[in-house]
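The values are calculated or read from the model by the stated rules, or taken from the named source; none is laboratory data. Here the structure is a predicted model, which means the values were calculated and not measured. Don't worry about glycine lacking a Cβ; one is built from the backbone with ideal geometry, like all the others, and counts go over all protein chains shown. The accessibility values were calculated without ligands, DNA or RNA, using every heavy atom of the protein model including side chains. Shrake-Rupley method; radii C 1.70, N 1.55, O 1.52, S 1.80 Å.
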Amino acid sequence: RHEYADFELDGEVDNYAGYLTALRDHFVSQPLVVLETGVPSSIGSAHRGPLGRDQGGHTEVEAMTIMRDLVDIAERVDVAGAFLFEWADEWFKLTWNTRDLERPADRRPLWHNAMTNESYFGLLAVEPGGEGRVVTIDGSGDGFNRDNSQVIHEGAAPITEVRAIHDAERLFLRVLTRGEPWQSTEGLTVTFDAVDGGGGALPDTATDVPAADVALRLADGEAHLLRRASLDPNLHVYGRAHGELEFDERDLAPGSGVWEPVRQVVNRPLTVPTTGEAQPIEWHDLNPLRRGTTDPTSPDFDPHATWAAGDGVIELALPWGMLGFADPSSRQFLVPADTAGEFDTETVERLGISVVVGDGPRLDTAGYAWEQWQSVAWHERPKRGLGELVADLRSRAVPAG
């Protein structure tokens, strides 16, 4: 409401403070307790929020800082109390812009979809692996060894080795190269082929990938993830089914050679009731992918990091949902159904993986196959910034007596 957007708390506009104040004044004869407040630390997002309080896309430190602010606001507007949402990440949770992309739905608890914001609200991270993540990426390449990964290619330069491994959240790759092609304009491309159809020249390059569903392009120190348009759920749902997104029908044909950036819709087009203003579709952009380390003991730890690189080594940690999997635990890949806006899945027996350096020849690896899983091992980790949040809450405690 308009009065929330313009509400000021101690001279600063804050719509959340306005909302809580309106609730407090409405229930003036009884105490008001906020039962859920918080933001998630997911890579994906479900909605944008005022003042940067989006429903996803936050690092762990950012999420904890926002939670501290929300508790502070609740105290300053004098409500009776507030509960932070929530204690630990819940893998089974769903949200509107990924719910239909996770199939079969009853297997949702068997994998952690980094695109689903609702499953990353916890103060504690719940991560795959009973003793920790299967691999930590940091650019050194040291986390990949014969005991925890498969060699899917060995050969001569420029690509001397490719290793693969996975957990219930991500697919991990290590590519050993000659030099550092990811820093050059020519770049390096890694492609993934799960189902029939697709491929074509990648945008702004001469790199042709005739059999690929998803392509990761590393060049000029950045990484971008693309999906072939014929598999893009955004075009099928918000374009073909609902007419809310401009598209060319020819792009949706398998083998069209058209590519789309991997991204999420966080708000469908709407008309503001009070002004009649038309608001276009809103996106949560995932490109460029975050480079960093997933080592939680490092001061540079970034839980959103999907790639790291060093001298002659590239490490990838790609969430299954970003690669287009509907359920990696049963090897189901998302494909459009014949009905507009609906989806089916196809079983992936072996994920094709290829690497191209610059405009050179395509190197096809042996691909990667894994056993379906029916249970998961997991561990808990206090999220980065939790200590500061706890200290802040303790400082607000009312002394006994």
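Couple of notes before you dig in:
- Test for Arg68: is it open to solvent by 40 Å² or more (accessible area, probe 1.4 Å) and in contact (Cβ under 8 Å) with a residue 60 or more places away in the chain: yes
- Near pairs, Cβ below 8 angstrom, 6+ apart or cross-chain, from region 199-215 (touching a residue at least 40 places away in the same chain (Cβ under 8 Å) and surrounded by fewer than 24 Cβ atoms within 10 Å (Cβ to Cβ)) to any residue that is among the acidic types (Asp, Glu) and not in a strand (DSSP E or B): Thr205/Asp359; Ala206/Asp359; Thr207/Asp359
- Across region 249-277, the qualifying residues are those that are in contact with a Leu (Cβ under 9 Å, 6 or more places away or on another chain) and part of a loop (DSSP other than H, G, I, E, B), and the one among them that is farthest from Gly141 (Cα to Cα) is Pro269.
- Any hit, region 73-89, residues being open to solvent by 30 Å² or more (accessible area, probe 1.4 Å), at pLDDT 95 or above and either closer than 25 Å to Asp300 by Cα or touching a His at 6+ places or on another chain (Cβ under 6 Å) (or both): yes
- Considering region 344-362, the residues that are modelled with pLDDT of 95 or more and open to solvent by 30 Å² or more (accessible area, probe 1.4 Å) include one that is farthest from Ser298 (Cα to Cα), namely Asp344.
- Those strands (runs of 3 or more DSSP E) of region 278-373 in which at least 2 residues are acidic (Asp, Glu), considering only elements entirely within it, cover 282-285, 343-347.
- Selection status of Glu161, out of contact with any Gly (no Cβ under 7 Å at 6 or more places or on another chain) and more than 27 Å from Gly44 (Cα to Cα): yes
- Of everything listed in (1) among the aliphatic types (A, V, I, L, M); (2) in contact with a Ser or Thr (Cβ under 7 Å, 6 or more places away or on another chain); (3) more than 25 Å from Glu127 (Cβ to Cβ); (4) open to solvent by 20 Å² or more (accessible area, probe 1.4 Å), the single unmet condition for Ala156 is (2).
- Of the residues making up region 15-33, one or more are of a type outside the set (Phe, Trp, Tyr), over 30 Å from Arg133 (Cβ atoms), in contact with a Pro (Cβ under 9 Å, 6 or more places away or on another chain) and open to solvent by 20 Å² or more (accessible area, probe 1.4 Å).
- Members of region 359-391 found to be in contact (Cβ under 8 Å) with a residue 60 or more places away in the chain and within 17 Å of Leu124 (Cα to Cα), listed by number: Ala377, Trp378, His379, Glu380, Arg381, Pro382, Lys383, Arg384, Gly385, Leu386, Glu388, Leu389
- Top-ranked residue of region 322-336 - restricted to ones that are open to solvent by 20 Å² or more (accessible area, probe 1.4 Å) and closer than 27 Å to Tyr238 by Cβ, ranked as nearest to the chain's Cα centre (by Cα): Gln332
- Any chance Glu131 is outside any loop (DSSP other than H, G, I, E, B), open to solvent by 50 Å² or more (accessible area, probe 1.4 Å) and within 26 Å of Arg291 (Cα to Cα): no
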